[in-house]
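First comes the structure, then the notes that go with it.
The values are calculated or read from the model by the stated rules, or taken from the named source; none is laboratory data. Since this is a predicted model, take the numbers as computed values, not measurements. For neighbour counting, all protein chains shown are included, and Cβ atoms are generated from backbone atoms with ideal geometry for every residue, glycine included. Each accessible area value is taken on the protein alone, full model and side chains, heavy atoms only, with ligands, DNA and RNA left out. Shrake-Rupley method; radii C 1.70, N 1.55, O 1.52, S 1.80 Å.
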Amino acid sequence: MQMSEGVEWALHSCLNLAWVEEGTAVKATRLAAFYDLPAAYLNKQLQALVRAGILTSATGPRGGFRLARDPRDITLLDVVDAIEGGQDAFRCQEILRKGPGGRADVDYRKVCAVSQAMRRAEAAWRRELGGQTLAALKEQVESRQPRTPEMTRRRIANL
């Protein structure tokens with residue numbers, strides 16, 4: 001499974017928004033400039049986060065994006081699903097139905113060992129992402145690099 005670069009961009013943007021002063025909105029162009037990303041493409045990712053209720057946005061001179069929820073209430077899975085969609089990564093096509101002994105009346109998505117194994121693996125992956133919050137990721141970064149919040153606020157302000 002391969003996720004789009006938009007997931008990485010969205011996660012870093014959410015982290016950066018978690019470090020700006022509360023109530024401060026940041027324009028997509030500033031968030032994009034932070035990592036030299038294409039602003040139009042990042043804006044599409046940010047709009048997907050707005051639709052998912054992760055960010056809010058406002059227009060105008062003081063407009064921009066901000067977190068819609070506390071970082072403790074935003075999981076990595078929330079962000080992945082907002083960007084990639086919530087569809088299953090593995091989609092059983094029930095090819096056993098067309099193989100030797102295949103039957104039209106059997107739901108092979110439920111009885112196929114391959115399908116079951118893939119669904120278990122995906123469920124574990126989703127549980128892991130769902131169990132990690134933006135707040136925990138933020139704390140991890142801050143413990144490794146304590147100057148990151150201040151440096152982020154300063155850089156965003158000066159872009």
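A few remarks follow.
- Options R103, R62, R66: the member that is in a loop (DSSP other than H, G, I, E, B), within 29 Å of the chain's Cα centre (by Cα) and charged (D, E, K, R): R62
- Residues that are under 20 Å from T75 (Cα atoms), in contact (Cβ under 8 Å) with a residue 24 or more places away in the chain and open to solvent by 50 Å² or more (accessible area, probe 1.4 Å), drawn from the stretch 1-43: M1, M3
- Residue within the stretch 49-62 that is touching a Gly at 6+ places or on another chain (Cβ under 9 Å) and of a type in the set (D, E, K, R) present: no
- Residue satisfying all of: in the stretch 45-74; among the basic types (K, R) and surrounded by fewer than 16 Cβ atoms within 10 Å (Cβ to Cβ); farthest from Q132 (Cα to Cα) among these: R62
- Some residue of the stretch 69-84 being without any contact (Cβ under 8 Å) to a residue 24 or more places away in the chain and not basic (K, R): no
- Hits in the stretch 7-38 (condition: part of a helix (DSSP H, G or I) and among the hydroxyl-bearing types (S, T, Y)): S13, T29
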